[in-house]
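Single-structure report; data block below.
The values are calculated or read from the model by the stated rules, or taken from the named source; none is laboratory data. Keep in mind the model is a prediction, meaning the values are calculated, not measured. Because the Cβ atoms are built from the backbone with ideal geometry, glycine has one as well, and the counts that use them run over all protein chains shown. Note: areas computed on protein heavy atoms with side chains; ligands, DNA, RNA excluded. Shrake-Rupley method; radii C 1.70, N 1.55, O 1.52, S 1.80 Å.
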Amino acid sequence: MTQPDSGQYGHLLEHEYDGIAEYDNPTPGWWHTIFLGSVLFSVFYFFFFTFSPMALTEEEQHAEAQRREFQKLFAEIGELEADQATILSLMGDPQWMPVAEGVFATNCVSCHGSMGQGLVGPNLTDDYFKNLTEITQIAEVIQNGAASGAMPAWGNRLHPNEIVLLAAYVADMRGRTIPPGTRTRDPEGEVIPPWPPVPDSVSGE
Amino acid sequence: MSAARLQGHEGGGADAARANDHLDEFVYDDKIVRMFVWATLLWAFIAMLVGVVLALQLALPEANLGLAWVTFGRLRPLHTNAAIFAFAGNAIFAAIYYSTQRLCKARMFSDRLSRLHFWGWQGIIVSAALTLPLGFTQGKEYAELEWPIDLAIAVVWVGFFGVNFFGTLIRRRERHMYVALWFYIATIVTVAILHIFNNLWIPVGVLEFFKTGEVSSFDNLMKSYPIYSGVQDAFMQWWYGHNAVAFFLTTPFLGLMYYFLPKAAERPIFSYRLSIVHFWSIVFIYIWAGPHHLHYTALAAWASSLGMVFSLMLWMPSWGGMINGLLTLRGAWNKVATDPVLKFFVVGITFYGMSTFEGPMLSIKSVNALSHYTDWTIAHVHSGTLGWNGFMTFGMIYWLAPRLFQTKLYSVKAATAHFWIGTIGILLYVISMYTAGVTQGLMWRAFDSTGRLAYPQFIETVTRLAPFYWIRAIGGTMYLASVGLGIWNIWMTWRTRPPQYDEPIQYAAPLSKNYQDPPKPESRLHANIAFGDKVDVNILQGWWHRRLERFPMKFTVLVIVAVIVASLFEAIPMFTVKSVVKTIDSVQPYTPLELYGRDLYVAEGCYNCHSQMIRPIFAETKRYGEYSKAGESIYDRPFQWGSRRIGPDLAREGQTNPNAPWHARHFAEPTDTSPGSIMPSYPWLFEKKIEFESIQARVDAMAMLGVPYGEAINNAPQMAREQAAAIALEIESDGGRPNLADKQVVALIAYLKRLGTDILSPPAGDATAAGGEE
């Protein structure tokens with residue numbers, strides 16, 4: 001099978017194995033170049049990112065991203081207080097409730113249902129409440145959890161502003177109409193008084 | 001280089017002349033090759049059939065049938081193991097047994113070892129096919145098989161296959177070893193090393209037997225815990241996992257290519273020098289690359305960086321094989337148009353080139369941040385297995401069939417159809433999975449203009465993939481059908497075999513004792529620098545390597561040294577540097593029930609769909625919570641970080657969803673709590689009982705591995721019963737199912753409730769301090 005084509009495709013070596021011959025071709029130049037380049041890059045990369053103080057670690061990058069994102073998100077409202085006036089004023093806020101809606105969708109729907117209709121967690125749309133009687137207590141329950149851990153504490157997970165926004169979002173869920181045919185969780189706890197009215201000074205601009 | 005001049009001669013003088021007169025007579029053992037070819041075809045069909053079932057299960061969860069042993073989590077390991085070790089394994093054995101005999105001009109060392117190897121390996125595959133669906137698994141990808149099978153693999157691989165192969169090398173009648181043999185050597189020694197060191201464990205039942213004189217359950221007998229835990233277990237596993245790809249799916253197939261491609265094309269190999277350089281660079285560099293499977297995890301950053309840069313450096317060594325393959329076809333491209341064998345080889349090698357470009361690319365950290373945990377990885381491995389391993393195998397089988405069965409291939413047309421249907425199948429498969437992977441990766445990290453996650457519910461990112469899962473199932477089915485066509489073609493070929501196979505007698509001279517190497521060539525340098533001259537003669541002119549090729553044992557030792565040295569560079573710091581695993585005071589061992597639940601998590605194969613490793617990436621901590629720390633998994637044997645998120649990450653499940661009634665409803669019917677979920681339901685968890693008495697042995701085995709189990713060392717079953725009763729009560733009092741206190745579901749829930757919570761608890765020391773104040 002060794003054909004006399006040494007000139008065209010390279011110079012044939014003398015050895016052969018079970019009829020397989022080999023050319024004495026050099027390794028391609030571009031192959032060398034890229035191989036060498038990858039080695040040089042690797043040396044630089046490894047030492048720079050392992051030892052240089054200029055290179056941020058993954059954890060530092062994460063902390064930076066977190067700071068930047070929250071700053072971007074909450075630059076306008078600063079630090080929210082979890083008090084009654086703030087929560088009431090945020091209820092139905094067109095700018096901030098979508099943010100709370102996102103937090104709810106990520107963390108709350110698996111137990112409370114996508115519309116707050118309740119599943120293994122209580123129905124949030126009715127007038128019955130198990131662990132609270134006042135609107136500010138919503139934020140407390142989110143912060144610290146309830147029902148001996150069945151409702152987890154979110155204080156370590158969420159940004160303080162997110163907790164306040166979420167409290168307003170949940171407060172606003174009360175009285176929401178659930179489409180007929182949706183399975184809701186039976187009422188739990190006691191009927192509590194309606195939330196206080198929204199102060200005029202905040203709502204009417 | 002003047003290797004052309006480097007031709008030695010067998011002995012010299014009158015003695016040698018007489019010795020050379022003598023020719024040995026021998027016959028090649030082709031029967032064993034035929035056996036391996038049939039086994040390859042059988043397992044190809046089964047492995048791919050299981051693959052199609054799995055593909056359907058993701059598109060259509062009802063296809064899990066509510067049966068424990070066909071759920072995705074149990075079946076997926078069967079698919080991967082069958083594709084790698086049964087299909088590709090038998091294929092490389094067929095290739096090695098056929099080509100080694102011819103390259104060595106010798107029959108295999110021992111027919112008995114050949115048969116033991118064959119039947120031993122098939123036995124291992126059958127036992128894998130029985131144990132994996134039953135839930136006996138080590139829970140580490142591609143290393144799922146439990147300890148008795150691990151032992152069998154070591155015996156068959158080293159004791160039967162290894163001895164047989166090296167025996168043949170020693171008895172060879174060809175002085176120098178051809179490049180294919182180098183790759184086979186690298187395969188055999190490295191796979192042995194990888195297999196043994198990733199599978200060091202304590203078998204629970206054996207330990208129990210020594211302590212108590214009996215084994216309390218069959219599950220305990222089959223169960224083992226790895227000697228490594230958490231980060232180190234992850235490191236060892238991916239050192240193994242990545243190099244299983246390297247030395248089980250790459251090097252033997254390169255060896256296959258180096259023999260069967262020039263044979264089929266009837267062309268010389270493009271470059272002998274390229275063979276040398278790319279062989280050694282592959283052997284040395286591949287071993288380091290494993291940590292790229294663990295980017296952004298709790299693995300130390302230096303290890304992950306090494307994994308990345310060695311993957312980048314691997315690009316050209318891998319392409320060396322592709323170049324040598326494709327350029328060997330110069331002068332034979334016209335044949336590719338007509339010969340299905342060459343078609344398979346060309347596309348196979350092209351897929352090799354594509355996946356060895358894609359691999360380094362995926363190992364770049366910022367690319368990996370997107371691709372990890374998605375179907376992109378699935379696309380990548382299938383372009384490797386279906387394209388490279390599959391097509392090289394089928395090309396080889398179509399070339400072998402007429403020679404092994406000593407007749408004409410039944411249908412060239414059917415073989416060509418096999419090629420085209422298979423190629424379209426692969427394309428549908430990989431393109432749909434690339435799309436699915438990139439889609440899901442982008443959805444996970446997308447924020448909308450208000451700064452919230454654009455897809456806050458994980459399930460949205462799953463349901464979006466359904467169309468791609470259907471396309472993948474179609475592509476996989478086409479590939480399976482093409483394999484079926486191939487099997488039929490080979491079967492029909494076999495039917496036209498002669499009544500008796502011709503076994504031609506081979507003649508070759510034995511190797512003489514007094515071989516003389518060719519004279520060393522002159523240095524081409526004229527600077528009179530001794531070192532420079534040595535480099536030129538030995539390395540650049542290839543004298544040293546050419547000489548090495550006639551010393552199989554020396555060659556093997558060098559391969560072992562290359563592999564082990566490279567491994568130790570990473571492994572030694574991994575196991576000795578303290579900062580690799582920063583311990584966290586509040587992280588405590590699992591309770592007996594949680595441990596048992598964790599073993600169920602492993603047995604059900606939950607890790608096939610759920611990761612337990614939150615990366616320090618903002619979109620991820622926003623979705624799942626605080627990123628995972630190395631100190632959190634120190635009691636995890638095996639680690640369960642996972643590699644794919646078909647479902648959400650569970651690393652903080654105990655923090656975010658500690659609600660037992662929720663989990664009970666979810667296991668009974670996942671769509672009940674999570675509409676749109678594609679998770680199968682697990683009705684048997686509500687029926688199968690917890691074997692409380694078997695838990696003690698598990699706790700003891702863990703304690704032996706250094707887990708500080710205070711009270712539980714004497715009292716595990718009782719502690720487990722109490723915890724189980726409390727959780728059962730929690731479920732029942734919420735209106736959930738009653739009487740679950742001795743059912744497996746409760747143990748699994750106990751484990752899930754614990755996941756990721758320790759980091760919030762006060763450190764163990766503080767708790768006592770607080771107690772002291774009262």
Kindly indicate which of B:Ala106, B:Ala55, B:Ala94 is touching a Phe, Trp or Tyr at 6+ places or on another chain (Cβ under 9 Å), within 14 Å of chain A (Cβ to nearest Cβ) and crowded, with 21+ Cβ neighbours inside 10 Å. B:Ala106
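Table: residues versus (1) among the basic types (Lys, Arg); (2) farther than 29 Å from B:Lys105 by Cα.
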position	(1), (2)
B:Pro510	no, no
B:Leu525	no, yes
B:Asn528	no, yes
B:Asp533	no, yes
B:His545	no, no
B:Arg550	yes, no
B:Phe575	no, yes
B:Thr583	no, yes
When you look at A:Leu40, is it open to solvent by 60 Å² or more (accessible area, probe 1.4 Å) and not assigned by TED's automatic domain parsing to the domain that holds A:Trp195, yes or no? yes
At pLDDT below 95 and under 27 Å from A:Ile77 (Cα atoms): which single residue out of A:Pro179, A:Pro160, A:Pro193 fits that description? A:Pro160
Testing B:Met361 on (1) more than 13 Å from every other protein chain (Cβ to nearest Cβ); (2) part of a helix (DSSP H, G or I), one condition comes back false. Which one is that? (1)
Any hit, region B:566-587, residues being farther than 21 Å from A:Glu59 by Cβ, open to solvent by 10 Å² or more (accessible area, probe 1.4 Å) and of a type in the set (Ser, Thr, Tyr): yes
Any chance A:Arg176 is within 12 Å of chain B (Cβ to nearest Cβ) and basic (Lys, Arg): no
Which one is most open to solvent (accessible area, probe 1.4 Å), of the residues in region A:11-37 that are more than 7 Å from chain B (Cβ to nearest Cβ) and over 15 Å from B:Phe310 (Cα atoms)? A:Trp30
How many of the residues making up region B:427-446 are in contact with a Phe, Trp or Tyr (Cβ under 9 Å, 6 or more places away or on another chain) and touching a residue at least 60 places away in the same chain (Cβ under 8 Å)? 8
Quick check on B:Thr556: is it of a type in the set (S, T, N, Q) and under 28 Å from B:Thr377 (Cβ atoms)? no
In the set B:Tyr469, B:Tyr479, B:Tyr434, which member is open to solvent by 50 Å² or more (accessible area, probe 1.4 Å), aromatic (Phe, Trp, Tyr) and either more than 14 Å from chain A (Cβ to nearest Cβ) or closer than 20 Å to B:Ala369 by Cα (or both)? B:Tyr434
When you go through B:Phe351, B:Phe357, B:Phe344 one by one, which is the residue that is of a type outside the set (Val, Ile, Thr), surrounded by fewer than 21 Cβ atoms within 10 Å (Cβ to Cβ) and over 27 Å from B:Ser579 (Cα atoms)? B:Phe357
Select from region B:273-287 the residues that are of a type in the set (A, V, I, L, M, F, W, C) and more than 10 Å from chain A (Cβ to nearest Cβ) and write down the one among them that is most open to solvent (accessible area, probe 1.4 Å). B:Phe284
Residues in region B:231-243 that are among the small types (Gly, Ala, Ser) and either surrounded by fewer than 24 Cβ atoms within 10 Å (Cβ to Cβ) or in contact with a Lys or Arg (Cβ under 7 Å, 6 or more places away or on another chain) (or both): how many? 1
Residue in region B:546-555 that is nearest to B:Pro521 (Cα to Cα), counting only those that are open to solvent by 10 Å² or more (accessible area, probe 1.4 Å) and of a type outside the set (D, E, K, R): B:Phe551
Selection from region B:639-681 of residues open to solvent by 20 Å² or more (accessible area, probe 1.4 Å) and over 30 Å from B:Leu370 (Cβ atoms) yields B:Arg665, B:Ala668, B:Glu669, B:Asp672, B:Ser681
Taking the criterion of being in a loop (DSSP other than H, G, I, E, B) and under 30 Å from the mean Cα position of the chain (by Cα), would at least one residue in region B:560-571 satisfy it? no
Counting only residues in region B:247-272 that are among the hydroxyl-bearing types (Ser, Thr, Tyr) and away from chain A (no Cβ under 12 Å), the one surrounded by the fewest Cβ atoms within 10 Å (Cβ to Cβ) is identified as B:Thr250
Members of region B:442-454 that are more than 12 Å from A:Val99 (Cβ to Cβ) and more than 9 Å from every other protein chain (Cβ to nearest Cβ): B:Leu442, B:Met443, B:Trp444, B:Arg445, B:Ala446
Residue check for B:Pro648: away from chain A (no Cβ under 14 Å), in a loop (DSSP other than H, G, I, E, B) and either without any contact (Cβ under 8 Å) to a residue 24 or more places away in the chain or not acidic (Asp, Glu) (or both): no
Return the pair list, or none, for Cβ contacts closer than 6 Å from residues in region B:596-609 that are more than 16 Å from B:Arg645 (Cα to Cα) to residues that are in a helix (DSSP H, G or I) and open to solvent by 10 Å² or more (accessible area, probe 1.4 Å), at least 6 apart or on different chains. B:Leu600/B:Gln744
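The rows are residues; the columns are (1) out of contact with any helix residue (DSSP H, G or I) (no Cβ under 8 Å at 6 or more places or on another chain); (2) open to solvent by 20 Å² or more (accessible area, probe 1.4 Å); (3) free of Cβ contacts under 8 Å to residues at least 40 places away in the same chain; (4) among the β-branched types (Val, Ile, Thr).
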residue	(1), (2), (3), (4)
A:Ala139	no, no, no, no
A:Asn144	yes, yes, yes, no
A:Gly155	no, yes, yes, no
A:Ala167	no, no, no, no
A:Asp172	no, yes, no, no
A:Pro180	yes, yes, yes, no
A:Asp186	yes, yes, no, no
A:Ile192	yes, no, no, yes
Please verify whether B:Thr416 is touching a Pro at 6+ places or on another chain (Cβ under 9 Å), open to solvent by 10 Å² or more (accessible area, probe 1.4 Å), in a helix (DSSP H, G or I) and among the β-branched types (Val, Ile, Thr), treating the condition exactly as stated. yes
With the requirement that a residue be open to solvent by 30 Å² or more (accessible area, probe 1.4 Å) and within 13 Å of chain A (Cβ to nearest Cβ), what does region B:588-626 give you? B:Ile617, B:Lys622, B:Glu626
Residue within region B:130-137 that is touching a residue at least 24 places away in the same chain (Cβ under 8 Å), over 30 Å from B:Gly321 (Cα atoms), in contact with a helix residue (DSSP H, G or I) (Cβ under 8 Å, 6 or more places away or on another chain) and in a helix (DSSP H, G or I) present: yes
When both residues are 6+ apart or on different chains and their Cβ atoms are under 6 Å apart, which pairs have a first residue that lies in region A:52-75 and is more than 8 Å from chain B (Cβ to nearest Cβ), and a second that is open to solvent by less than 60 Å² (accessible area, probe 1.4 Å) and in a helix (DSSP H, G or I)? A:Ala55/A:Phe48; A:Phe74/A:Asn161
